[in-house]
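Notes follow the structure.
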Amino acid sequence: MYELVEIFESLQGEGRNTGRPCVFVRFAGCNLKCPWCDTDVTKRFSASLDELLAELGQYKAKSVILTGGEPTMQKEMPELVAALKKAGYWIGVETNGTNDADWLGFVDYVACSPKRGASVRLVEADEVRVVAEDEATADFCRKVRRQIAATDYYVSPCDHDGQIDFATAKSVLSQLAGWSLSVQLHKILGFR
């Protein structure tokens, strides 16, 4: 059984795949407690593999984002990934990088958002997104770049109770070579 918060269809709002129509599968639970996290990861329902696949079949998008919370905490994820691949889905995963799950090698796209103070075990991703909490984020970004091999590296502005802190993100980016800005476009444009 999979522990879930919600399933919904929208557009990817950040990173390289911004604008891509996707079905988001938000898994419950997270092994981190980030003070600025804007996501309620409390379990709302459970679903079997067949129930989850039936639900996904109701949506038009053939791209799925497995997110959370922290999807690598779900024990039956290899079965889900295999079933989604067999059904022809493009699979993206959003993870904090604290678990280097073997099944990540079978998805199409991994977006890692490491957090300061947490042990990062993931060593490779398609993109890395770091939230600009404060000026010290630049040093953390340099450390992350040495730890995680990725094609794209992004700094995201921190959201403080609905106020998006672009100034800190801009300042952090001015100290980094090869990093770009990624905003949560869905928040700015008001979609889910």
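The values are calculated or read from the model by the stated rules, or taken from the named source; none is laboratory data. Because the structure is a prediction, the values reported are computed rather than measured. Using ideal geometry, Cβ is built from the backbone for each residue, glycine included, and neighbour counts are taken over all protein chains shown. To get the accessible areas, we keep the full protein, side chains included, count just its heavy atoms, and leave off ligands, DNA and RNA. Shrake-Rupley method; radii C 1.70, N 1.55, O 1.52, S 1.80 Å.
Residues are listed down the side, and each one gets a yes or a no for (1) without any contact (Cβ under 8 Å) to a residue 60 or more places away in the chain; (2) of a type in the set (A, V, I, L, M); (3) buried (at least 18 other Cβ atoms within 10 Å of the Cβ):
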{"position": "THR67", "(1), (2), (3)": "yes, no, yes"}
{"position": "LYS85", "(1), (2), (3)": "yes, no, no"}
{"position": "ASN96", "(1), (2), (3)": "no, no, yes"}
{"position": "VAL110", "(1), (2), (3)": "yes, yes, yes"}
{"position": "VAL128", "(1), (2), (3)": "yes, yes, yes"}
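Return the pairs, sorted by first residue and then second, in which the second residue is among the hydroxyl-bearing types (Ser, Thr, Tyr) and open to solvent by less than 70 Å² (accessible area, probe 1.4 Å), the first residue lies in region 41-59 and is in contact (Cβ under 8 Å) with a residue 24 or more places away in the chain and more than 25 Å from LEU11 (Cβ to Cβ), the beta carbons are less than 8 Å apart, and the residues are 6+ apart or on different chains.
The qualifying pairs are SER46/TYR2; SER48/TYR2; LEU49/TYR2.
Between a first residue in region 1-13 that is aromatic (Phe, Trp, Tyr) and a second residue that is open to solvent by 30 Å² or more (accessible area, probe 1.4 Å) and outside any strand (DSSP E or B), which pairs have beta carbons less than 7 Å apart while being 6 or more apart in sequence or on different chains?
If the second residue must be open to solvent by 30 Å² or more (accessible area, probe 1.4 Å) and outside any strand (DSSP E or B), the pairs left are TYR2/GLU76; PHE8/ARG192.
State yes or no: is ALA149 without any contact (Cβ under 8 Å) to a residue 60 or more places away in the chain and within 19 Å of ASN17 (Cα to Cα)?
Details: without any contact (Cβ under 8 Å) to a residue 60 or more places away in the chain: yes; within 19 Å of ASN17 (Cα to Cα): yes.
Considered against the rule, which asks whether it is without any contact (Cβ under 8 Å) to a residue 60 or more places away in the chain and within 19 Å of ASN17 (Cα to Cα), ALA149 comes out as yes.
Does ASP161 count as modelled with pLDDT under 95, open to solvent by 90 Å² or more (accessible area, probe 1.4 Å) and of a type outside the set (Lys, Arg)? Walk me through how you get there before you give the answer.
Working: modelled with pLDDT under 95: yes; open to solvent by 90 Å² or more (accessible area, probe 1.4 Å): yes; of a type outside the set (Lys, Arg): yes.
Taking the combined requirement at face value, the residue satisfies it.
Please indicate, with yes or no, whether at least one residue in region 48-64 is under 22 Å from ASP159 (Cβ atoms) and either open to solvent by less than 50 Å² (accessible area, probe 1.4 Å) or in contact with a Pro (Cβ under 9 Å, 6 or more places away or on another chain) (or both). I'd like the intermediate steps shown before the answer.
Initial filter on region 48-64 (under 22 Å from ASP159 (Cβ atoms)): none.
Looking through region 48-64, none of the residues is under 22 Å from ASP159 (Cβ atoms) and either open to solvent by less than 50 Å² (accessible area, probe 1.4 Å) or in contact with a Pro (Cβ under 9 Å, 6 or more places away or on another chain) (or both).
Can you tell me which residue within region 69-83, out of those that are among the aliphatic types (A, V, I, L, M) and under 30 Å from VAL130 (Cβ atoms), is most open to solvent (accessible area, probe 1.4 Å)?
Our first condition is that a residue be among the aliphatic types (A, V, I, L, M); within region 69-83, this holds for 73, 77, 80-83.
Add one more test, that the residue is under 30 Å from VAL130 (Cβ atoms), and what stays is 73, 77, 80-81.
Values: MET73: 83, MET77: 0, LEU80: 1, VAL81: 5 Å².
Here the residue is MET73.
Can you tell which of ARG146, ARG116, ARG142 is among the charged types (D, E, K, R), out of contact with any Leu (no Cβ under 6 Å at 6 or more places or on another chain), open to solvent by 70 Å² or more (accessible area, probe 1.4 Å) and modelled with pLDDT under 95?
Step by step, each of ARG146, ARG116, ARG142 is checked, and only ARG116 is among the charged types (D, E, K, R), out of contact with any Leu (no Cβ under 6 Å at 6 or more places or on another chain), open to solvent by 70 Å² or more (accessible area, probe 1.4 Å) and modelled with pLDDT under 95.
Output the helices (runs of 4 or more DSSP H) that fall wholly within region 127-192 and possess 1 or more residues being touching a strand residue (DSSP E or B) at 6+ places or on another chain (Cβ under 6 Å), or say none. Walk me through it before giving the result.
Numbers: elements: 137-147, 166-173, 185-189.
Ranges flagged: 137-147, 166-173.
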